[in-house]
Amino acid sequence: MKVLFVLSAWGIGGEQRAASNLINKLILRGHSVEMITFKMFNKTIVLNPNVKISTLEDDFKLPFLKNINRMLKIRKIIKSEKYDAVIGFAIIPSILCSLAGIGLKSIVVISERSDPRIYNGLYKVSRSIAYRLADGGVFQTKAALDYFKGLKRIKKIVIPNPIEIDSLPDFHKGERSKRIVSIGRLVEVKNHKLLIDAFAKIYMDYPEYRLKVDPIVKTLI
């Protein structure tokens, strides 16, 4: 099977980690996998060297024109390479892949990677139109799937984030530093406020502990 993954960015982030686990397993099972990304960061996530990665370059400043250009380029690539399946990872790639696949034979799968309620009106309208053109949808939780219960046409399934057990670090034995560390983007959906409020209550009983919030990048697209 020949599969194309489309991601907003590559190199860091939870979406990228989940995608890398899926891609590496598909390669090990003998499938051919390629990836398109809109932005490339330092390659800190290990990916099978047999995966071809392409970055879509554009000079458009307006997001609308930028995404139209991306969609047309993705469509051209799908038509040329004749993939068996095209997987949009997260909301923007999912919207663009759904539109790019109109009239083509490749199966298009959308994959929501966050709480679907957080997006603004423009994204919600675009998504409600585009997702009806896809063939299938993957969601991380039943709540996310239920949010899209109006999408009667496409097949839907819940698949939680995969974990590569062999890559997990060994359990630490010995003294630990009294620190709680949070790593993530400084965006509302990560809910750092809840973490800080919870730590404030813990701190009353355990004043020797420290909380460190270590942001990566504010946004990936």
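The values are calculated or read from the model by the stated rules, or taken from the named source; none is laboratory data. Quantities reported herein were computed from a predicted structural model and do not represent experimental measurements. In this analysis, Cβ positions are derived from the backbone assuming ideal geometry, glycine residues included, and neighbour counts consider all displayed protein chains. All accessible areas refer to the heavy atoms of the entire protein, side chains included, with ligands and DNA or RNA removed. Shrake-Rupley method; radii C 1.70, N 1.55, O 1.52, S 1.80 Å.
Restricted to the stretch 17-46, and to residues there that are open to solvent by 50 Å² or more (accessible area, probe 1.4 Å), of a type outside the set (S, T, N, Q) and within 19 Å of the chain's Cα centre (by Cα), the residue that is modelled with the lowest pLDDT is 43. Taking the numbered list (1) out of contact with any strand residue (DSSP E or B) (no Cβ under 7 Å at 6 or more places or on another chain); (2) open to solvent by less than 30 Å² (accessible area, probe 1.4 Å); (3) touching a residue at least 60 places away in the same chain (Cβ under 8 Å); (4) not polar (S, T, N, Q) in turn, residue 100 passes all entries but (3).
Evaluate the following for residue 127: is it basic (Lys, Arg), under 15 Å from residue 8 (Cβ atoms) and out of contact with any Cys (no Cβ under 8 Å at 6 or more places or on another chain)? Answer is yes for this residue.
With the checklist (1) touching an Asp or Glu at 6+ places or on another chain (Cβ under 8 Å); (2) buried (at least 21 other Cβ atoms within 10 Å of the Cβ) in hand, flag the one item residue 13 doesn't pass. Every listed condition holds for residue 13 apart from (1). Of the strands (runs of 3 or more DSSP E) that lie entirely inside the stretch 138-221, those containing 2 or more residues that are touching an Asp or Glu at 6+ places or on another chain (Cβ under 8 Å) and open to solvent by 60 Å² or more (accessible area, probe 1.4 Å) span 179-184.
Find the residue count for the stretch 103-137, including only residues that are open to solvent by 30 Å² or more (accessible area, probe 1.4 Å) and outside any strand (DSSP E or B). Of the residues in the stretch 103-137, 21 are open to solvent by 30 Å² or more (accessible area, probe 1.4 Å) and outside any strand (DSSP E or B). Can you pull out the residues in the stretch 47-97 that are in a helix (DSSP H, G or I), open to solvent by 30 Å² or more (accessible area, probe 1.4 Å), closer than 13 Å to residue 36 by Cα and among the β-branched types (Val, Ile, Thr)? If the condition is that a residue be in a helix (DSSP H, G or I), open to solvent by 30 Å² or more (accessible area, probe 1.4 Å), closer than 13 Å to residue 36 by Cα and among the β-branched types (Val, Ile, Thr), then 77 is the only one that fits.
Residues are listed down the side, and each one gets a yes or a no for (1) out of contact with any Ser or Thr (no Cβ under 7 Å at 6 or more places or on another chain); (2) polar (S, T, N, Q):
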{"site": "105", "(1), (2)": "yes, no"}
{"site": "111", "(1), (2)": "no, yes"}
{"site": "118", "(1), (2)": "yes, no"}
{"site": "121", "(1), (2)": "yes, no"}
{"site": "125", "(1), (2)": "yes, no"}
{"site": "132", "(1), (2)": "yes, no"}
{"site": "138", "(1), (2)": "no, no"}
{"site": "145", "(1), (2)": "yes, no"}
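Apart from one condition, residue 33 fits all of (1) part of a loop (DSSP other than H, G, I, E, B); (2) in contact (Cβ under 8 Å) with a residue 24 or more places away in the chain; the exception is (1).
Working only within the stretch 117-134, note down all residues that are of a type outside the set (A, V, I, L, M, F, W, C) and within 11 Å of residue 151 (Cβ to Cβ).
Within the stretch 117-134, the subset of a type outside the set (A, V, I, L, M, F, W, C) is 117, 119-121, 123-124, 126-128, 131-132.
Once the filter is applied, which keeps residues that are of a type outside the set (A, V, I, L, M, F, W, C) and within 11 Å of residue 151 (Cβ to Cβ), the stretch 117-134 yields 127, 128, 131, 132.
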